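*Asks:* Sharing a structure with you now.
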Amino acid sequence: MIPFTYERAADARSAAAAVAAHPGATFIAGGTNLLDLMKLGIERPAHLVDVSRLPLASIDDTPAGGLRIGAQVRNADLAADMRVRRHYPVLAQALLAGASAQLRNKASTGGNLLQRTRCYYFYDPSMPCNKRQPGSGCAALGGFNRIHAVLGASESCIATHSSDMAVAMRALDASVETMAPDGTERAIPVADLHRLPGDTPHLETTLRRGEMITAVVLPPPPPGRQLYRKVRDRASYAFALVSVATIVDAPGGRVRSARIALGGVAPKPWRVPKAERVLAGEAPGAAAFAGAAEAAMSGARGHGSNDFKIELARRTIRRVLADATDIA
Ligand code: SF4
């Protein structure tokens, strides 16, 4: 047992200030990832600031026509919200593809975005891992890396980001709202929230010390059909080998706009604008979908056990685009 202290935050600003004031402090909300990491000794916070009971659990309409989702909205509640189901089905589908019903009942919106990788070596303190211990090496590079990244990785780390929800939010151009210890608030596009590993894989987000996510804002629902498809080793309670969130607007036999974001293949939710541009103006069909899939995976690099992901991602993209446009 590694001792730590605990406090329950009274409001967002004092929570942020408490984490900033205590060396080794961290936030805890649902705890669905953090507690596992603490039990394994991977995370060793000296102080926990509990934000789970802050009044950040509502989903509100925004004046712009979107939704503002409090950071403490549980994943299950977000997936069940009728506005989400009707207008952001890609988000509801992604949420329901994640974890288990029990975990979704507990996991928070903010915590889901900040979950750590599921790289096996990260969870094994006997193995070198630059993310857990900077400068120690990366056991996955020469090891068993079936679940690892083929895009956006570095020579220091090839871990993937594990969230399904974040992939849908990336496709929806969501942004997070944050509170800093001094009370300053700012908005960060989800696109800019997670860092690529480079040579500092232990730095995973652009949040500053003590800065807390208070909400996620969705812009008005984009036109077109939304779909989330997750390919995994078993039908539930498994992380994505490849996932695809897509939103395709194709009235009158031409693609007016398309969005594609990938999960399970990169260190962050991975939007592929090159593939989106390939589709724009094209007639939906096998040739256009194949071109988009090729563009999406251009530059992908396998590391041995995960080479299969490149072709799996191409096929999944083609299939999801076909389903989104009713092409058999
Ligand atoms: Fe650690 Fe990243 Fe290498 Fe996994 S892939 S062992 S998380 S450095």
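Since every read-out is calculated from the coordinates, none of them should be taken as a lab result. On a predicted model such as this, the values are computed, not experimentally measured, just so you know. For neighbour counting, all protein chains shown are included, and Cβ atoms are generated from backbone atoms with ideal geometry for every residue, glycine included.
*Asks:* Counting only residues 5 or more places away or on other chains, whose amide H sits under 5 Å from the amide H of ARG8 once H atoms are built in the peptide plane?
*Replies:* ASP50
*Asks:* Hey, what number do you get for the chain at 222 nm if only DSSP H runs of n ≥ 4 count, each worth -39500 (n - 2.57), divided across all residues, to the nearest 500?
*Replies:* Counting only the DSSP helices, I get -7500 deg cm²/dmol.
*Asks:* So what's the angle, to the nearest 10 degrees on a 0 to 90 scale, between helix 12-21 and the longest Cα principal axis of the chain?
*Replies:* 60 degrees
*Asks:* Once you sort the root eigenvalues of the Cα gyration tensor of the range 183-310 as a ≥ b ≥ c, which label holds: rounded (a/c under 1.5), prolate (a/b larger than b/c) or oblate (the other case)?
*Replies:* Oblate, because a/c is 1.5 or more while a/b does not exceed b/c.
*Asks:* Considering only DSSP beta bridges whose two residues both sit in the chain, what percent are antiparallel, to the nearest 5? Numbers along the way, then the final one.
*Replies:* Details: 36 of 44 bridges.
Just about 80 percent of them are antiparallel.
*Asks:* Using modelled amide H (1.01 Å from N, peptide plane; none on Pro or chain starts), what sits under 5 Å from the amide H of SER257, excluding residues fewer than 5 places away?
*Replies:* Amide H neighbours of SER257: ASP249.
*Asks:* Placing one identical point scatterer on every Cα of the chain and ignoring solvent, what is log10 I(q)/I(0) from the Debye formula at q = 0.08, 0.10, 0.15 Å⁻¹?
*Replies:* Debye output, listed in q order: -0.36, -0.57, -1.26.
*Asks:* Additional query: Can you list the residues of the range 309-327 with backbone N under 15 Å from a point 7 Å past the Cα of ALA283, pointing along Cα to Cβ?
*Replies:* It comes to 327, nothing else.
*Asks:* Only Lys, Arg, Asp and Glu count, each charged at its Cβ (+1, +1, -1, -1), so figure out the dipole size of the range 1-62 about its Cα centre, rounded to 20 debye.
*Replies:* Charge dipole of the range 1-62: 260 debye, to the nearest 20.
*Asks:* Further, regarding this structure: Hey, in the GNM for the chain with a 10 angstrom Cα cutoff, which one of ILE317, ILE158, ILE28 fluctuates hardest?
*Replies:* ILE28
*Asks:* Here is a follow-up. Just grab the label-to-label distance for ASP36 and ALA235, each label 7 Å out from Cα along the Cβ direction, in nm (one decimal).
*Replies:* Rounded to a tenth, the inter-label distance reads 2.2 nm.
*Asks:* A further question follows. When a/c is below 1.5 the answer is rounded, else prolate if a/b is larger than b/c, else oblate, so apply that to the range 140-256 with a ≥ b ≥ c taken from the square roots of the Cα gyration tensor eigenvalues.
*Replies:* oblate
*Asks:* What's the magnitude of the charge dipole for the chain around its Cα centre, counting Lys and Arg as +1 and Asp and Glu as -1 at the beta-carbon? Answer in Debye, nearest 20. Before the final figure, lay out each step's value.
*Replies:* On the way: 40 positive and 29 negative charges, 127 e Å.
Using only the charged Cβ atoms, the result is roughly 620 debye.
*Asks:* Right, something else. Among GLN133, GLN115, GLN102, which one shows the highest mean-square fluctuation when the chain is modelled as a Gaussian network with alpha-carbon springs under 10 Å?
*Replies:* GLN102
*Asks:* Sorted by average packing, counted as other Cβ atoms within 10 angstrom per residue and highest first, what order do 291-297, 251-257 take?
*Replies:* Descending packing order for the listed peptides: 291-297, 251-257.
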